[in-house]
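Beneath this line is the structure, given in structure tokens, with notes to follow.
Laboratory data are not the source of any read-out in this text; all were calculated from the coordinates shown. All values derive from a computational prediction rather than experimental measurement. When we count neighbours, we look across all protein chains shown, and the Cβ atoms used for this are built from the backbone with ideal geometry, even at glycine.
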């Protein structure tokens, strides 16, 4: 019996030592935001080559009911009625600035789109975050559109508003 166990153990080590390592991930947790961000980054890079970038100013007011500090990855998507979208993450100089009762101006660089009529957030992390209001300024006439949230952004889901086809 010991000989059989030794043979099976030796065979197993031999087989697994030649196996190709596989990285196991949870694609559902990363797929939506990551693929959207990668696609948008590619669009931004292509837009830079064509020279038709636009800057968007977005004022984000965090609710006073939000946690004191969030280290969550927050993605933002703005779009127009034609289906054009710009996606970015609130990182870099904006990381850690989403504090309760504070409003931060966020500058988004991306392809030029029409009048902003939809805005979504995507959050990955355990801290949680609750925006109160978000005001986006259109590049053509600097007219603002305000989205009122006052609820916690769900983990790993797009949460927001699409007013593009409302009357």
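Structure values in brief
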{"read-out": "Protection-proxy order for peptides 137-144, 67-74, each taking the mean of Cβ atoms within 10 Å per residue, highest first", "value": "67-74, 137-144"}
{"read-out": "At q = 0.13, 0.18, 0.22 Å⁻¹, base-10 log of I(q)/I(0) for region 52-167 (Debye sum, equal scatterers on each alpha carbon)", "value": "-0.45, -0.87, -1.29"}
{"read-out": "Additional length obtainable on full extension of the chain from residue 104 to residue 91, 0.36 nm per residue less Cα span", "value": "3.4 nm"}
